[in-house]
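Structure record follows, encoded as structure tokens.
The values are calculated or read from the model by the stated rules, or taken from the named source; none is laboratory data. All of these numbers come straight from a predicted model, not from anything done at the bench. Methodologically, a virtual Cβ is constructed for each residue, glycine included, from the backbone with ideal geometry; neighbour enumeration extends over all protein chains shown.
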Amino acid sequence: MEDFIISHPDKPSDPELILKIKELARKKNAIILAHYYQVAEIQDIADFVGDSLQLSQQAGSTNADIIVFAGVHFMAETAKILSPGKKVLLPDLEAGCSLADSCPPEAFKRFIEAHPGHKVISYINCSAAVKTMSDVICTSSNAKMIVDSFKVDEKLIFAPDKNLGGYINSITGRTMVLWDGSCHVHNQLSDEKVIKLKIENPDAKLIAHPECRGPVLALADFIGSTAAMLEFTKTDKSLRYIVATEGGIIHQMKKSSPAKEFIVVPSDETCSCNDCPFMKMNTVQKLYECLKNETPEILLDQQVIENARKPILKMLEISKAANLIK
Ligand code: 13P
Ligand code: SF4
């Protein structure tokens with residue numbers, strides 16, 4: 001996508017800067033949470049690296065005074081909703097999400113009104129305003145479980161990711177009404193590329209994130225959240241994988257399985273279209289400045305916090321009951 005600019009640090013950061021970040025975090029009783037799509041250096045600095053569900057759980061249960069969220073805006077917003085008394089910082093306030101942006105709250109309100117009698121399940125990649133209109137939130141690691149928590153004949157809206165919603169419809173036999181949204185990073189991973197890679201690498205298993213389009217998912221040997229994909233590569237016997245998701249996850253895959261090979265889709269080294277430009281807006285330097293100056297801070301209206309909190313807590317309860325999180 002030409003509209004997005006990726007700012008990758010080409011050189012490794014100054015080790016002194018990394019030490020300064022750790023020292024500041026200790027002095028200020030701050031926790032650094034990082035998503036798997038962050039640059040490798042930030043993942044290595046973080047106190048906790050995880051997928052969206054694990055990060056929400058950490059944000060809601062931490063004893064730290066400050067949460068520095070190395071991720072994107074909706075993630076930091078979720079952290080603020082779950083820990084309203086804490087200071088939540090995002091290294092770059094412009095780190096948004098094309099999927100969350102594909103669901104403007106006003107249009108979504110009209111969509112709900114056009115489907116009376118439907119319960120609303122929203123993927124966590126949405127704004128706080130959309131969360132306030134939802135009955136329950138889900139992530140890619142618990143989406144099926146959340147959908148299964150509704151009676152089979154319950155009328156459901158699933159938003160904003162049509163790919164994840166379509167995938168859940170296909171494995172549950174439901175006919176949830178889908179909001180027409182998608183993540184530009186996952187949506188552009190093509191089945192043609194995947195088929196080519198599978199032909200070139202017949203011994204490699206294809207693992208895919210459910211934000212990918214249906215034709216890509218239909219070719220996959222394993223479909224799951226970033227954490228589930230990582231876990232799969234640790235326990236599965238294969239030595240080579242074609243990975244259909246954002247490239248940041250490869251860092252942890254290589255760390256936990258150094259003898260294995262990971263081929264990203266697309267494998268063309270001249271193209272970085274599997275990089276999320278929003279996730280990559282955070283840099284080590286911005287992380288340092290954000291912790292030092294305690295800005296940019298996530299601030300939300302109290303009523304929005306209260307209304308958005310209920311569907312997130314419901315998701316956490318269901319996930320805890322199923323032992324998906326502690
Ligand atoms: P998970 O962390 O739930 O796998 O989601 C991936 C994602 O798109 C985050 O933006
Ligand atoms: Fe949003 Fe896609 Fe980036 Fe995740 S990878 S933050 S869904 S744009």
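Whether any residue in the range 165-188 is β-branched (Val, Ile, Thr), within 22 Å of LYS131 (Cα to Cα), free of Cβ contacts under 8 Å to residues at least 60 places away in the same chain and crowded, with 18+ Cβ neighbours inside 10 Å is what I want to check.
Among the residues of the range 165-188, at least one is β-branched (Val, Ile, Thr), within 22 Å of LYS131 (Cα to Cα), free of Cβ contacts under 8 Å to residues at least 60 places away in the same chain and crowded, with 18+ Cβ neighbours inside 10 Å, which makes the answer yes.
Counting only residues that are farther than 23 Å from ASN274 by Cβ and part of a strand (DSSP E or B), which one in the range 30-56 is nearest to the chain's Cα centre (by Cα)?
So the residue we want is PHE48.
Testing MET279 on (1) aliphatic (A, V, I, L, M); (2) modelled with pLDDT under 95; (3) touching a Phe, Trp or Tyr at 6+ places or on another chain (Cβ under 8 Å), one condition comes back false. Which one is that?
Against the list (1) aliphatic (A, V, I, L, M); (2) modelled with pLDDT under 95; (3) touching a Phe, Trp or Tyr at 6+ places or on another chain (Cβ under 8 Å), MET279 comes up short only on (2).
Could you tell me which numbered condition ALA64 fails, if it satisfies all but one of (1) away from ligand 2 (no atom under 14 Å from the Cβ); (2) part of a loop (DSSP other than H, G, I, E, B); (3) at pLDDT below 95?
For ALA64, the exception is condition (3).
VAL264 versus (1) in contact (Cβ under 8 Å) with a residue 60 or more places away in the chain; (2) touching a Gly at 6+ places or on another chain (Cβ under 9 Å); (3) not hydroxyl-bearing (Ser, Thr, Tyr): which is the lone unmet condition?
(1)
So, in the range 122-137, exactly how many residues are farther than 20 Å from MET279 by Cα and within 14 Å of ligand 1 (Cβ to nearest atom)?
Let us first name the residues in the range 122-137 that are farther than 20 Å from MET279 by Cα, namely 122, 129-137.
From what's left, within 14 Å of ligand 1 (Cβ to nearest atom): 122, 137.
Final tally of qualifying residues: 2.
Report, by residue number, each residue of the range 145-164 that is more than 19 Å from GLY181 (Cβ to Cβ) and without any contact (Cβ under 8 Å) to a residue 40 or more places away in the chain.
Filtering the range 145-164 for residues more than 19 Å from GLY181 (Cβ to Cβ) gives 145, 148-155.
Hits for the range 145-164 are ASP148, PHE150, LYS151, VAL152, ASP153, GLU154.
I'd like the residue in the range 72-118 that is assigned to a helix (DSSP H, G or I) and among the acidic types (Asp, Glu) and, out of all such residues, is surrounded by the most Cβ atoms within 10 Å (Cβ to Cβ).
Initial filter on the range 72-118 (assigned to a helix (DSSP H, G or I)): 73-82, 98-101, 105-113.
The next check asks that each one be among the acidic types (Asp, Glu); those that pass are 77, 101, 106, 113.
Working: GLU77: 26, ASP101: 17, GLU106: 8, GLU113: 8.
My answer is GLU77.
Would you list the helices (runs of 4 or more DSSP H) that sit entirely within the range 154-226 and hold 1 or more residues that are of a type in the set (Ser, Thr, Tyr) and within 21 Å of the chain's Cα centre (by Cα)?
By residue number, 162-172.
Anything in the range 23-37 that is of a type outside the set (Phe, Trp, Tyr) and surrounded by 14 or more Cβ atoms within 10 Å (Cβ to Cβ)? List them, or say none.
Let us first name the residues in the range 23-37 that are of a type outside the set (Phe, Trp, Tyr), namely 23-35.
Within the range 23-37, LEU24, ALA25, LYS28, ALA30, ILE31, ILE32, LEU33, ALA34, HIS35 qualify.
Pairs needed: first member in the range 24-36, within 16 Å of ligand 2 (Cβ to nearest atom); second member anywhere, in a strand (DSSP E or B) and at pLDDT below 95; C-beta distance under 8 Å; at least 6 residues apart or different chains.
Cβ pairs passing all conditions: none.
Checking GLY181 against (1) more than 16 Å from ligand 2 (Cβ to nearest atom); (2) in contact with a Lys or Arg (Cβ under 7 Å, 6 or more places away or on another chain): exactly one of these is not met. Which one?
Going through (1) more than 16 Å from ligand 2 (Cβ to nearest atom); (2) in contact with a Lys or Arg (Cβ under 7 Å, 6 or more places away or on another chain) one by one, GLY181 breaks only (1).
If I ask for residues that are assigned to a loop (DSSP other than H, G, I, E, B) and under 20 Å from the mean Cα position of the chain (by Cα), which ones from the range 274-322 would you list? Walk me through it before giving the result.
If we filter the range 274-322 for residues that are assigned to a loop (DSSP other than H, G, I, E, B), which is where we start, we get 274-278, 282-283, 294-296, 298-301, 322.
Result: ASN274, ASP275, CYS276, PRO277, PHE278, ASN282, THR283, ILE298.
With of a type in the set (Val, Ile, Thr), within 30 Å of HIS118 (Cβ to Cβ) and away from ligand 2 (no atom under 16 Å from the Cβ) as the only criterion, which of ILE195, ILE242, ILE171, ILE199 stands out? Outline the logic, then answer.
Working: ILE195 fails: within 30 Å of HIS118 (Cβ to Cβ); ILE242 fails: within 30 Å of HIS118 (Cβ to Cβ); ILE199 fails: within 30 Å of HIS118 (Cβ to Cβ).
None of the others qualify; the one that does is ILE171.
Among the listed residues GLU2, GLU16, GLU41, which satisfies the condition of being acidic (Asp, Glu), surrounded by fewer than 23 Cβ atoms within 10 Å (Cβ to Cβ) and modelled with pLDDT of 95 or more? Lay out the reasoning, then the answer.
Values: GLU2 fails: modelled with pLDDT of 95 or more; GLU16 fails: modelled with pLDDT of 95 or more.
Step by step, each of GLU2, GLU16, GLU41 is checked, and only GLU41 is acidic (Asp, Glu), surrounded by fewer than 23 Cβ atoms within 10 Å (Cβ to Cβ) and modelled with pLDDT of 95 or more.
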